[in-house]
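In what follows, a structure is listed as structure tokens, so that the remarks can point back to it.
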Amino acid sequence: MIYGSIHAKETESAYTPVIRRALDILRTTDVTDMRHGRYPLDGDKLILQINEVTTGPKNTRRPEVHRDYIDVQYMVHGHELIGFYPDRRDGAVLEDHLTEHDVLFYQEREDIHEVMLPMTDGCYAVFFPEDVHRPCCMMNGPEEVKKIVLKIRVDTL
């Protein structure tokens, strides 16, 4: 997992070229007039997804993982918390949609320490297949947010 601000470029040299390209896309793409939906940028290798959602209580959001794609989640406007913990692959599966949608939802766990990442305008978080994440948790109360999720195929790294 990587967490940072789009305005702090000094550590980007440590990232792979694909991650650096993704951050550049986030910096330069004007999404003002783009609405909720998926926008392929490079076939199924790189997909820009606009999410316009309302955040909610943590207990109403499900922990999830992806196996074929890396998520680069970027807050365009708003505030949310994203839960994160390493996937030990020993959790009980709530729903498995890996084949059709590349998402697996885990059941809630009391034995895991979940870190809550604050996402505000300009923040990004990169989640790899070994990273369980729980997006769209409210920070101070429910809020309408606009965010970009860049989906990067793992085999392009």
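The values are calculated or read from the model by the stated rules, or taken from the named source; none is laboratory data. These numbers were taken from a predicted model, which means no experiment stands behind them. Neighbour counts run over all protein chains shown; Cβ positions are idealised from the backbone, glycine included. All accessible areas refer to the heavy atoms of the entire protein, side chains included, with ligands and DNA or RNA removed. Shrake-Rupley method; radii C 1.70, N 1.55, O 1.52, S 1.80 Å.
Tabulated results
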| quantity | calculated |
| --- | --- |
| Among (1) exposed (fewer than 14 other Cβ atoms within 10 Å of the Cβ); (2) assigned to a loop (DSSP other than H, G, I, E, B), the one test that residue 108 misses | (1) |
| Those residues of region 108-157 which are at pLDDT 95 or above and polar (S, T, N, Q), in sequence order | 120 |
| Tally of residues being aromatic (Phe, Trp, Tyr) and assigned to a strand (DSSP E or B) across region 125-157 | 1 |
| Test: residue in region 75-94 that is in contact (Cβ under 8 Å) with a residue 24 or more places away in the chain and of a type in the set (Val, Ile, Thr) | yes |
| Count - residues of region 111-136 that are open to solvent by less than 30 Å² (accessible area, probe 1.4 Å) and more than 16 Å from residue 1 (Cβ to Cβ) | 2 |
| Selection count, region 67-102, where residues are open to solvent by less than 10 Å² (accessible area, probe 1.4 Å) and not charged (D, E, K, R) | 7 |
| Index of the failed condition, residue 32 passing every other in (1) part of a loop (DSSP other than H, G, I, E, B); (2) among the polar types (S, T, N, Q); (3) within 20 Å of residue 155 (Cα to Cα) | (3) |
| Residue in region 43-58 that is touching a residue at least 40 places away in the same chain (Cβ under 8 Å), part of a loop (DSSP other than H, G, I, E, B) and under 24 Å from residue 155 (Cα atoms) present | yes |
| Considering residues of region 137-157 that are open to solvent by less than 10 Å² (accessible area, probe 1.4 Å) and of a type in the set (A, V, I, L, M, F, W, C) only, the residue nearest to residue 63 (Cα to Cα) | 137 |
| Residue tally, condition of a type in the set (Gly, Ala, Ser) and at pLDDT 90 or above, over region 11-65 | 4 |
| Single unsatisfied condition, residue 26 versus (1) closer than 17 Å to residue 125 by Cα; (2) open to solvent by 80 Å² or more (accessible area, probe 1.4 Å) | (2) |
| Index of the failed condition, residue 31 passing every other in (1) open to solvent by 40 Å² or more (accessible area, probe 1.4 Å); (2) in contact (Cβ under 8 Å) with a residue 24 or more places away in the chain | (1) |
| Any hit, region 76-85, residues being touching a helix residue (DSSP H, G or I) at 6+ places or on another chain (Cβ under 7 Å), outside any loop (DSSP other than H, G, I, E, B) and of a type in the set (D, E, K, R) | no |
